[in-house]
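Just so it is clear, none of the values below were taken in a lab; they were calculated from the coordinates. Note that the structure is a prediction, hence the values are computed from the model and not measured. Here the Cβ is made from the backbone with ideal geometry for all residues, glycine too, and neighbour counts use every protein chain on show.
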Amino acid sequence: MAQDHDHDDHDAHGSELSEMQLRVRALETVLAEKGYIDPAALDAMIEAFETKIGPHLGARVVAKAWTDPAFKQALIKDATQAVQTLGLNNRVGDHLIAVENTPTLHNMIVCTLCSCYPWEVLGLPPVWYKSAPYRSRAVNDPRGVLADFGLSLPAQTQIRVWDSTAETRFIVLPMRPAGTEGWSEEKLAGLVTRDSMIGTGLPKDPKAAA
Amino acid sequence: MDGIHDMGGMHGFGKVEPEANEPVFHAAWEGRCLALNRAMGAAGAWTIDEARFGIEKLPPAVYLSHSYYGNWALRLENMVVERGFAGADEIARGHALRPSKALKRKFDVAAVPRSLARGSFGREAPAPARFKIGDRVRTKNIHPSTHTRLPRYARGRVGVIEALRGCHVFPDTSAIGAGENPQWLYTVQFEGRELWGDTADPTLTVSIEAFEPYLEAA
């Protein structure tokens with residue numbers, strides 16, 4: 001049974017690949033011939049998502065907040081404005097909101113309705129973030145979801161889930177790991193994982209990263 | 001609409017499966033598909049709310065049996081045809097057979113950097129906000145057959161206003177071409193037990209971003 005199931009999945013995926021390749025190519029050709037889209041603009045957009053916009057941007061925001069209390073305060077007050085001052089290579093749209101983890105509170109971000117995600121600072125969302133298991137369970141079984149990521153939080157930690165149901169976007173400000181006193185902003189940014197800014201992970205262990 | 005997209009709290013979808021070192025796109029067509037969808041939106045073919053409604057209108061079995069970008073491709077085909085930008089026959093042939101329709105804006109290489117930041121949906125407030133931080137509110141028990149951003153699991157529930165987020169384009173009207181109709185937006189926080197009953201994780205709170213028409217005083 002399990003084997004049959006795997007086999008079916010494989011076939012479905014394989015046929016989707018070729019079918020979608022053809023359908024998307026047909027769409028692009030028609031829309032370009034009609035002058036609605038410029039294939040060179042598509043190339044530029046794809047290149048930006050593949051090379052320019054990613055979680056390294058969010059990691060810089062977090063590392064700055066860990067080392068600069070005034071920036072952290074500004075970030076919590078208005079993340080869009082605060083991030084703008086960092087001179088990242090991508091502008092951030094309105095209503096970015098940073099939510100801070102503390103020893104007693106852990107934040108998690110989800111979009112149960114579609115795939116809303118702070119992509120300007122984290123890049124495009126991973127497949128799991130857009131998947132039915134994550135979207136269905138994050139709001140009623142967050143600890144079970146965290147267990148899927150190998151993460152177990154103390155039983156008394158409050159868990160706060162933010163469902164991104166409008167054009168506000170959330171980024172988690174994780175706690176700075178102990179044992180990083182005196183670290184540079186750049187070195188700290190190396191500890192900040194994408195998942196730690198979604199709330200499904202923690203920053204890397206500084207001992208392992210040093 | 002009470003569609004398959006509204007997944008919060010559903011059971012049976014299994015474990016979350018993170019992929020190590022996941023690429024931005026798993027196949028070249030995914031990147032083309034994303035860029036095509038965004039380019040048409042940026043050129044003013046439809047609003048983001050109309051586009052989301054386009055995904056939600058895919059039949060549940062179709063939605064669940066295609067990948068994320070697979071659904072985007074089907075949505076794009078449907079919307080292009082529905083709005084008369086191209087005919088189904090042209091897409092089937094893979095070539096334009098008739099002249100094009102005018103688009104609001106031109107989306108070219110020069111417009112790409114602008115498209116890499118989200119659009120601005122904040123609007124001037126037509127009236128003062130009805131609620132303030134700390135107010136207890138109940139979400140309405142509504143079931144429109146059209147687009148809404150009030151998820152099913154949070155309807156008819158009592159929560160507390162945690163923040164005012166300004167006045168924003170109202171997706172419920174924007175999605176059906178009925179205008180921006182700006183409304184106040186609030187972060188409303190619910191206790192886990194209010195949403196999921198006595199067996200809820202006692203440490204859980206969940207918030208949604210709720211437009212004022214979704215709320216009444218509790």
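Where in segment B:184-218 does the amide nitrogen come within less than 15 Å of the point 7 Å from the Cα of B:VAL158, taken along Cα to Cβ?
Only B:189-198, B:216-218 fall inside the zone, counting backbone N under 15 Å.
Using label points projected 7 Å from each Cα along Cα→Cβ, tell me how many nm separate B:ASN78 and B:ALA178, to one decimal.
With each label point 7 Å from Cα toward Cβ, the separation is 1.9 nm.
Take chain B, connect every pair of alpha-carbon atoms lying under 10 Å apart with a spring to form a Gaussian network, then pick out the residue of B:PRO144, B:PRO99, B:PRO60 with the largest mean-square fluctuation.
Looking only at B:PRO144, B:PRO99, B:PRO60, the largest GNM fluctuation is found for B:PRO99.
Say R0 is 41 Å: what FRET efficiency, to the nearest 0.05, do A:ALA178 and B:ARG136 get from their beta-carbon distance? Write out the running numbers ahead of the final one.
Working: r = 39 Å, r/R0 = 0.95.
FRET efficiency, A:ALA178 to B:ARG136: 0.55.
Relative to a virtual label point 7 Å from the Cα of B:ALA127 in the Cα→beta-carbon direction, which members of segment B:155-171 show backbone nitrogen distances below 18 Å?
The answer is B:165-171, whose backbone nitrogens lie closer than 18 Å to the label point.
Is there a simple number for the mean count of other chain Cβ atoms within 10 Å of the Cβ of residues in B:194-207, and what is it? Could the numbers behind the result be given before it?
Values: counts 0, 2, 3, 1, 0, 1, 2, 8, 3, 13, 10, 6, 12, 9.
So the per-residue partner count for this stretch is 5.
Determine ³J(HN,Hα), in whole Hz, for all residues of segment A:106-120 in sequence, where each value follows from phi through the Karplus function 6.51 cos²θ - 1.76 cosθ + 1.60 and θ = phi - 60°; x replaces Gly and Pro.
Once rounded to whole Hz, the list reads 10, 9, 9, 10, 8, 10, 6, 8, 7, 8, 4, 7, x, 5, 5.
Can you list residues whose amide H is under 5 Å from A:ALA98's amide H, if they're 5+ apart or on another chain and H is modeled 1.01 Å from N?
Those qualifying (amide H under 5 Å, at least 5 residues apart or on another chain) are A:ALA79, A:ILE171.
For segment A:156-198, what size does the Cα cloud have along each of its three principal axes, sorted from largest down, in whole Å?
38, 29, 13
Output the relative contact order of chain B, whole-number percent, from Cα pairs under 8 angstrom with separation of 6+ residues.
Here the relative contact order equals 20 percent.
What does the C-alpha gyration tensor say about the overall shape of segment A:67-210? Classify as rounded when a/c is under 1.5, otherwise prolate if a/b is larger than b/c, or oblate.
Details: a/c = 1.68, a/b = 1.13, b/c = 1.49.
Oblate shape, in that a/c is at least 1.5 and b/c is the bigger or equal ratio.
For segment B:103-113, just list the computed ³J(HN,Hα) in residue order, Karplus coefficients 6.51, -1.76 and 1.60, θ = phi - 60°, integers in Hz, with x standing in for Gly and Pro.
Result, rounded to whole Hz: 10, 5, 9, 9, 10, 10, 4, 5, 8, 5, x.
Pairs of alpha-carbon atoms within less than 8 angstrom and 6+ residues apart define the contacts here; what relative contact order does segment A:137-207 have, in percent?
Details: 58 pairs, mean separation 21.8, N = 71.
Dividing the mean separation by the residue count of segment A:137-207 yields 31 percent.
Restricting to Cα pairs below 8 Å that are 6+ residues apart, what does the relative contact order work out to for segment B:18-147? Please round to a whole percent. List each step's numbers first, then the result.
Details: 58 pairs, mean separation 35.5, N = 130.
Contact order relative to length: 27 percent.
Under a Cβ-only charge scheme (Lys and Arg +1, Asp and Glu -1), can you give me the dipole magnitude of chain A about the Cα centre, in debye to the nearest 20? Provide the component values of the computation, followed by the final result.
Values: 20 positive and 27 negative charges, 201 e Å.
Here chain A has a charge dipole of around 960 debye.
So what's the gap between the Cα centers of segment A:85-148 and segment A:62-84, to the nearest angstrom?
Comparing the Cα centres of segment A:85-148 and segment A:62-84, I get a distance of 18 Å.
What is the set of long-range amide H partners of B:GLY166 at a cut-off below 5 Å, with H atoms built 1.01 Å from backbone N?
Here B:LEU185 satisfy the definition.
In debye, nearest 20, what is the charge dipole magnitude of the protein assembly as shown about its Cα centre with +1 on Lys and Arg Cβ and -1 on Asp and Glu Cβ, if you could check?
Numbers: 47 positive and 53 negative charges, 243 e Å.
That gives the protein assembly as shown a dipole magnitude of about 1160 debye.
Using θ = phi - 60° and the Karplus relation 6.51 cos²θ - 1.76 cosθ + 1.60, list the HN-Hα couplings for segment B:130-136 in order, rounded to whole Hz, with x at every Gly or Pro.
7, 10, 10, 4, x, 5, 8
Provide the gained length on full extension for the span A:GLN81 to A:ALA155, in nm with one decimal, where the gain is 0.36 nm per separating residue minus the Cα-Cα distance. Each step should come with its number before you reach the end.
Details: separation 74, 0.36 × 74 = 26.64 nm, distance 3.55 nm.
Extending this stretch completely gives an extra 23.1 nm.
Calculate the FRET efficiency for B:SER120 and B:MET1 from the Cβ-Cβ distance with a Förster distance of 41 Å, rounded to the nearest 0.05. Can you show the working numbers first?
Numbers: r = 26 Å, r/R0 = 0.64.
My answer for the efficiency is 0.95.
Give me the Kirkwood hydrodynamic radius of segment B:84-129, using the inverse of the mean 1/r over all pairs of distinct Cα atoms, in Å to one decimal.
On the way: mean 1/r = 0.0681 Å⁻¹.
Radius from the Kirkwood sum: 14.7 Å.
Per the helix-only calculation at 222 nm, which mean residue ellipticity applies to chain A, given -39500 (n - 2.57) for every DSSP H run of n ≥ 4 and division by its residues, nearest 500 deg cm²/dmol? Walk me through the numbers on the way to the answer.
Working: 12 runs with 108 residues, N = 210.
My calculation for chain A gives -14500 deg cm²/dmol from helical runs alone.
What is the protein assembly as shown by shape, rounded, prolate or oblate, if you read a ≥ b ≥ c off the alpha carbon gyration tensor as root eigenvalues and call it rounded for a/c under 1.5, prolate for a/b larger than b/c, and oblate otherwise?
Numbers: a/c = 1.42, a/b = 1.30, b/c = 1.09.
Because its axes are fairly even, with a/c under 1.5, the protein assembly as shown counts as rounded.
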